[in-house]
Amino acid sequence: MGELLLCNGPIAAMPFYLEGVSINIYSIEELDYYIVNNVYLLDKSFMNQELCAWIENQANLKKLAEHLKMIISTNGRLSAFVTEILEYSGYCSATQISSVHDILRELEGKSSFECAKLRADSLMEAGKYQNSIIEYRKLLSSEEAKTADTALCGNVYNNMACAYARLFLFETAALFFRKAYQYNKNRKSLWSCLISYKCMGDDDKFNAVVEDYQVDESELVKLEDVIKGFYSGSESSLIDAKAAEIKNMSAREKADIILKYKEEYRSHVI
């Protein structure tokens, strides 16, 4: 799970596999940790008999499994199902449980389109860029997208473009930032499109967008300041320092760090 967890309950011989995020769960404490840190990814599909069977047979929590099965059989709320898990194990604080419960109740009051967007956003924020792109694409091709608020659809395109940009796929990102602006009319989406073309070094496409959308001189000056900030900020200084450090490494050390960066990139697309 990426963090050391103290488990008081049994460790399962067979893990429960969370397909959407490609994670194996080995204990009830790990399940609680996942819930608290990924609450926006939860939906009705989380309430399933397979999870109940795992809790009963692998986590050896038969009473909890019985309570969860009852919630499913009576068509109960997801918030009730999740709260039952968190309260039973005693791993989370009352404040954490209350926060998760309140978020899920809020989601229950939103449209399926809005909930799906929040879940895709959560995947992107967790660094699961490829998975978030898959969810954004499914969302935009759904029936709900046909009747959803235009600005909301634009924001979906914008966030999908952000995921592509974080994978350094700037040309695709630029196309979707432009699409986002056509829907949401948010100038930030248009600026992101222009920045993506700058990252590619494609001045022709940059200038074409400037002309098509009548980006005036004052906006270009502000945009230039933003771009300069990327190269003069603290993060840029850290990158320069790291580059200098790598330059002085041995061939073996360089190979090791390149492999590390490759694995880090792969983690975003799996």
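Seen from a random direction on average, the alpha-carbon convex hull of segment 36-166 projects onto 8.9 square nanometres.
How far, in nm, would the chain grow between Asp102 and Ala251 when pulled straight, counting 0.36 nm per residue and subtracting the alpha carbon separation? Before the final figure, lay out each step's value.
On the way: separation 149, 0.36 × 149 = 53.64 nm, distance 5.27 nm.
Roughly 48.4 nm would be gained on extension.
Let me check something: with ligands and nucleic acids excluded, how do Thr95, Thr172 order by accessible area (1.4 Å probe), largest to smallest? Working shown, then result.
Values: Thr95 105, Thr172 50 Å².
Ranking Thr95, Thr172 by accessible area, largest first, yields Thr95, Thr172.
Against the main long axis of the alpha-carbon atoms of the chain, helix 187-200 sits at an angle near 70°.
Within the full protein context, the accessible area of Glu217 is estimated at about 130 Å² for a probe radius of 1.4 Å.
Given Cα pairs under 8 Å that are at least 6 residues apart, what percent is the relative contact order of the chain? Write out the running numbers ahead of the final one.
Numbers: 265 pairs, mean separation 33.3, N = 270.
Worked out over the chain, it gives 12 percent.
Among residues other than Tyr181 with Cβ under 11 Å from its Cβ, the summed charge is +4 (Lys and Arg +1, Asp and Glu -1).
Whole-Å semi-axes of segment 111-190's equivalent ellipsoid, largest first, each the root of 5 times a Cα gyration tensor eigenvalue?
Details: eigenvalues 62, 51, 18 Å².
With the √(5λ) rule applied to segment 111-190, the semi-axes are 18, 16, 9 Å.
In square nanometres, what is one fourth of the surface area of the convex hull spanned by the alpha carbons of segment 8-108?
Working: hull surface 22.9 nm².
Over every viewing direction, the Cα hull of segment 8-108 projects on average to 5.7 nm².
Could you work out the longest stretch of the chain that avoids the trypsin sites (Lys or Arg not before Pro) located in DSSP loops with at most 12 other Cβ atoms within 10 Å?
1-109
With 24 Å as the limit, write out which pairs from Lys44/Lys188; Lys44/Lys128; Lys69/Lys146 have Cα-Cα distances beyond it, or answer none. Over 24 Å apart, Cα to Cα: Lys44/Lys188; Lys69/Lys146.
Using a Gaussian network model of the chain with C-alpha springs under 10 Å, which one of Ala65, Ala116, Ala94 is most mobile by mean-square fluctuation? Greatest mean-square fluctuation among the candidates belongs to Ala94. The H on the amide N of Leu61, modeled in the peptide plane, is under 5 Å from the matching H of Glu56, each at least 5 residues off or on a different chain.
Taking only the alpha carbons of segment 84-140, we obtain Rg and Dmax values of 13.9, 39 Å in that order.
Residues in segment 112-127 carry Karplus couplings, in order, of 4, 5, 5, 5, 5, 5, 4, 5, 5, 4, 5, 4, 5, 5, 7, x Hz; the curve used is 6.51 cos²θ - 1.76 cosθ + 1.60 with θ = phi - 60°, and Gly or Pro positions show x.
Close amide H contacts of Ile23 (hydrogens built in the peptide plane, cut-off under 5 Å, sequence separation of 5 or more or a different chain): Leu18.
Going by alpha carbons, how many degrees (0 to 90, nearest 10) lie between the helix axis of 203-212 and the longest principal axis of the chain? Helix 203-212 and the main axis of the chain meet at about 90 degrees.
The values are calculated or read from the model by the stated rules, or taken from the named source; none is laboratory data. On a predicted model such as this, the values are computed, not experimentally measured, just so you know. Cβ sites come from the backbone with ideal geometry, for glycine too, and all protein chains shown count toward neighbours. The accessibility values were calculated without ligands, DNA or RNA, using every heavy atom of the protein model including side chains. Shrake-Rupley method; radii C 1.70, N 1.55, O 1.52, S 1.80 Å.
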